[in-house]
Amino acid sequence: MASAALPRPDAELVHTPPTYAEVNRDIIRTLDPPGRGWFIGMGFVLMGLAFGGFCWYRQLRYGLGVTGYEPPIFWGTYITTFVFWVGIAHSGTLISAILFLFRSGWRSAVYRASEAMTVFAVMTAGLFPILHLGRAWFAYWVAPYPNFRGVWSNFRSPLVWDIFAISTYLTVSATFLFMGLIPDVAAIRDQALGWRKKLYSVVSLGWKNSDREWHHFMRMYLFLAALSTPLVLSVHSVVSWDFAMGIVPGWHATIFAPYFVAGAIFSGCGMVITILVPLRKAFHLERYLQIRHFENLAKLCLLTSTIVAYSYACEFFIAWSSGNAYERATFYNRLFGPYWWGALIMYGCNVFVPLLLWSKKIRTNLTWLFVISLFINLGMWFERFVIIVTGLSHEFEPWQWGYYTPNWNELGIVAGSFCWFSMWFLLFIKFFPSLAISEIKEALPPPGRTEAGGH
Amino acid sequence: MATPPVSANRAGVVGVFGTLDGLLLAAREMKAKGYANLRVYSPVPHPEIEQALEKPVSPVRLFTLIGGLTGCSLGFAYAISTSLDWELIVGGKPIVSLPPFIVIGFECTILIGALMTVLGMLLNAKLPKFGRSPGYDARFSNDKFGIVAFGGPQQLAQADALMRAAGAEEVRDV
């Protein structure tokens, strides 16, 4: 990715704090015209997206019969992938908002890419409830709007809560990302020429780094972070209630909200590592995305993995201690039923593989981290698959039992969703700085000083 | 460092500083001399700049509060009024079921609160503003700090001298 224009910093330089001018230079350089690698990547992504589009077209044309849905399982791959993408979004807000409130200095290097990941992941997640519909063109019926029938949405339904939660999350996280970009876009504007200067002048809203602007901006940033923090915790709780409010054995549990939130942050941190490792290599950002940043992300993964493992154990304990035959049967079925392979992947990737991160040697090795992060992504997709599909496949009576496997049409749409997400991310890194210029400077000593100070 | 001759038609002067400490020294000195309408440019926000300029608390928080309260009220009002508009009993629950409506009220609190916070910032920071800002220099988004003083010819001559004494790399008319 434009590697010719970006020299790799030598080993000594990597450990030297950059100056303000070097931060501008190095980060604005990532916006240089894309190289061959970027175009090849974009080509693959667009092909995958076209295939996903074709699969959706088939579904619209011939109906949901083209999927692998098998009675009684009608919440399958699409709802699994919806929850997966909403979960991915969560760590971005954790890093940009919650760690901001905790004044964690290390977040400044990783927060912009994570926040962009959040927005694109929610944009991807939002497609799935629509993809899941038989008549997708009536998706707007779920929104509460005045209509000639005089009927409103049922506000007691978790599906309507979901509409409010996801649309609020998309709006607020996109606003947070855009507002955070303004000072950086102004810095790019000041060095850009031609059409780019005009574009960035408009996007920066005429920002000039004045004391008045910073004064109100920082207050706004604080309050957006304060509002985003409960929001992020609420969104995955609401998503979990899509299941927990139902009476399906294995779903109907009060533990679901914290269990889902921990899982979301776990999967999101995994995805941040998956994205940042290649980004660091492609743009030679070793001086900014340091090993300690990855180590901190790995520690977050480890922490949330232990919370997730504890939740898994609690689920089994609750099923046993409840004395409820259906709950017990569901959890026995999860381990020893026809979907044992899903549970094996889920527990293996989410509980046992992250244990490797206890080793400092492994969590400071980017190759290991990257591979582990892929396992985390896989494991967390399967977690949702196991919860949703095995739950529905083994309800109260034997005549309700069934077996479902996703077919190529559904998997094509899932692959298309990854390409949709990647397309936005590839575009983002070439139009906007994937590292936060002003926040990285804030963490550095100002010119003429040796200590950073600051907020 | 020689002070340049004072021009009669200058509106203000801008000093360009290479260090934060130089900027802070100039800002404090000028504040002490009674310069009220100073404008400071900085590539990063810094609490010491706010202290030097004796900034009052930003009113953005009021926008957040009003937005949050409005959103909360609207969220509950929306769910309650639409439920009363068509009294359909679902699952044997009351028509106005407040516990599930908390979710709607909460999400609307966050949504309207966040949007009002942004509006508060834009109004108070006077953004968007696409015209020229007096004294702004592209270096202020890179690694330099700037301070602009406005006033009459004598005040500007004094500001010019103060900035140079504080270590300004460059002082010019705006």
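The values are calculated or read from the model by the stated rules, or taken from the named source; none is laboratory data. Note that this is a predicted model, so its numbers are computed, not measured. Cβ coordinates were reconstructed from backbone atoms using ideal geometry, including for glycine residues, and neighbour counts include every protein chain displayed.
Residues to consider are B:G71, B:G92; find the one that is more than 7 Å from chain A (Cβ to nearest Cβ) and surrounded by 19 or more Cβ atoms within 10 Å (Cβ to Cβ). So the residue among B:G71, B:G92 that is more than 7 Å from chain A (Cβ to nearest Cβ) and surrounded by 19 or more Cβ atoms within 10 Å (Cβ to Cβ) is B:G71. Please tell me if A:V172 is of a type in the set (A, V, I, L, M), closer than 21 Å to B:G91 by Cα, at the interface with another protein chain (Cβ under 10 Å from one of its Cβ atoms) and out of contact with any strand residue (DSSP E or B) (no Cβ under 7 Å at 6 or more places or on another chain). Here the answer is no, as A:V172 does not meet what is asked.
Within the range A:223-248, being facing chain B (nearest Cβ under 9 Å) and in contact with a Leu (Cβ under 8 Å, 6 or more places away or on another chain) holds for one residue alone: A:A226. Within the range B:137-149, the residues that satisfy the criterion of being touching a helix residue (DSSP H, G or I) at 6+ places or on another chain (Cβ under 8 Å) and under 25 Å from B:G34 (Cβ atoms) are B:F145, B:G146, B:I147, B:A149. For the range A:380-398, the condition holds for at least one residue, the condition being that it is assigned to a loop (DSSP other than H, G, I, E, B), aromatic (F, W, Y) and within 22 Å of A:G250 (Cα to Cα).
With respect to the conditions (1) surrounded by 14 or more Cβ atoms within 10 Å (Cβ to Cβ); (2) assigned to a helix (DSSP H, G or I); (3) over 23 Å from the mean Cα position of the chain (by Cα), B:L84 falls short on a single one, namely (1).
Looking only at the range A:278-296, residues that are closer than 28 Å to A:F260 by Cβ and either touching a Gly at 6+ places or on another chain (Cβ under 9 Å) or acidic (D, E) (or both) come to 1 in all. Could you go through the range A:259-269 and let me know if any residue there is touching a helix residue (DSSP H, G or I) at 6+ places or on another chain (Cβ under 8 Å), within 14 Å of another protein chain (Cβ to nearest Cβ) and either surrounded by 24 or more Cβ atoms within 10 Å (Cβ to Cβ) or assigned to a helix (DSSP H, G or I) (or both). There is no residue in the range A:259-269 that is touching a helix residue (DSSP H, G or I) at 6+ places or on another chain (Cβ under 8 Å), within 14 Å of another protein chain (Cβ to nearest Cβ) and either surrounded by 24 or more Cβ atoms within 10 Å (Cβ to Cβ) or assigned to a helix (DSSP H, G or I) (or both).
Could you please let me know if B:V60 is more than 8 Å from chain A (Cβ to nearest Cβ) and among the hydrophobic types (A, V, I, L, M, F, W, C)? No; evaluated as a whole, the condition is false for this residue.
With the condition kept exactly as written, say whether any residue in the range A:431-446 is over 22 Å from the mean Cα position of the chain (by Cα), within 14 Å of chain B (Cβ to nearest Cβ), surrounded by 16 or more Cβ atoms within 10 Å (Cβ to Cβ) and of a type in the set (S, T, Y). Yes. When B:A114 is tested against the conditions (1) more than 16 Å from A:H215 (Cβ to Cβ); (2) at pLDDT 95 or above; (3) more than 8 Å from every other protein chain (Cβ to nearest Cβ), the lone failure is (3). Can you work out which of the residues in the range A:123-156 that are touching a residue at least 60 places away in the same chain (Cβ under 8 Å) and more than 21 Å from A:Y62 (Cα to Cα) is nearest to the other protein chains (Cβ to nearest Cβ)? Once the filter is applied, the top-ranked residue is A:M123.
Of the candidates B:G105, B:G131, the single residue that is at negative phi and at the interface with another protein chain (Cβ under 9 Å from one of its Cβ atoms) is B:G131.
Restricting attention to the range B:129-163, the residues being of a type in the set (D, E, K, R), surrounded by 21 or more Cβ atoms within 10 Å (Cβ to Cβ) and in a loop (DSSP other than H, G, I, E, B) number 1. For the range A:62-102, which positions are touching a residue at least 40 places away in the same chain (Cβ under 8 Å) and of a type in the set (F, W, Y)? Of everything in the range A:62-102, those that are touching a residue at least 40 places away in the same chain (Cβ under 8 Å) and of a type in the set (F, W, Y) turn out to be A:Y69, A:F74, A:W75, A:Y78, A:F82, A:F84, A:W85, A:F100.
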